[in-house]
């Protein structure tokens with residue numbers, strides 16, 4: 001997600017926010033972009049990968065819930081952020097209720113993309 005009122009012609013690193021935790025982009029916090037500017041940071045991706053791919057502990061979401069990255073509702077397991085990041089005014093409000101979901105397919109594709117980028121230093125959890 002993007003910080004509200006960010007200038008699209010002059011985006012700064014703190015204008016790019018993870019849809020799952022609300023943290024902004026940083027050199028030590030690489031991100032993968034999905035459709036329509038959705039973002040997952042490496043930290044959230046590692047938690048999602050561990051849960052869904054490694055431990056097979058994903059959740060099934062109702063048909064009206066879409067993956068934040070691909071914007072589709074696919075059959076299969078998802079990871080749902082334990083927090084809901086909502087952009088409020090100029091800041092980010094993290095509410096204590098479940099937030100955005102990411103499907104297994106997007107978890108695996110995002111992991112492959114981030115792992116291929118040597119500057120990210122990101123590795124798949126075992």
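Which ones in the stretch 92-113 are crowded, with 21+ Cβ neighbours inside 10 Å and at pLDDT 95 or above?
The answer is 102, 103, 106, 107, 110, 111.
Residue 83 meets each of the listed conditions (1) modelled with pLDDT under 90; (2) within 15 Å of the chain's Cα centre (by Cα); (3) loosely packed, with under 15 Cβ neighbours inside 10 Å apart from (3). Of the residues making up the stretch 22-70, just one is closer than 14 Å to residue 109 by Cβ, surrounded by fewer than 17 Cβ atoms within 10 Å (Cβ to Cβ) and out of contact with any strand residue (DSSP E or B) (no Cβ under 8 Å at 6 or more places or on another chain), namely 35. Checking each residue in the stretch 115-126 for being in contact with a helix residue (DSSP H, G or I) (Cβ under 6 Å, 6 or more places away or on another chain) and modelled with pLDDT of 90 or more picks out 122, 124, 125. Just one of (1) touching a helix residue (DSSP H, G or I) at 6+ places or on another chain (Cβ under 6 Å); (2) more than 23 Å from residue 4 (Cα to Cα) fails for residue 71. It is (2). When the stretch 10-66 is filtered for residues that are modelled with pLDDT of 90 or more, more than 14 Å from the chain's Cα centre (by Cα), closer than 15 Å to residue 122 by Cβ and assigned to a loop (DSSP other than H, G, I, E, B), nothing remains.
The values are calculated or read from the model by the stated rules, or taken from the named source; none is laboratory data. Computed from a predicted model, the values in this text were never measured in an experiment. Ideal geometry is used to build each Cβ from the backbone, glycine not excepted, and the neighbour counts take in all protein chains shown.
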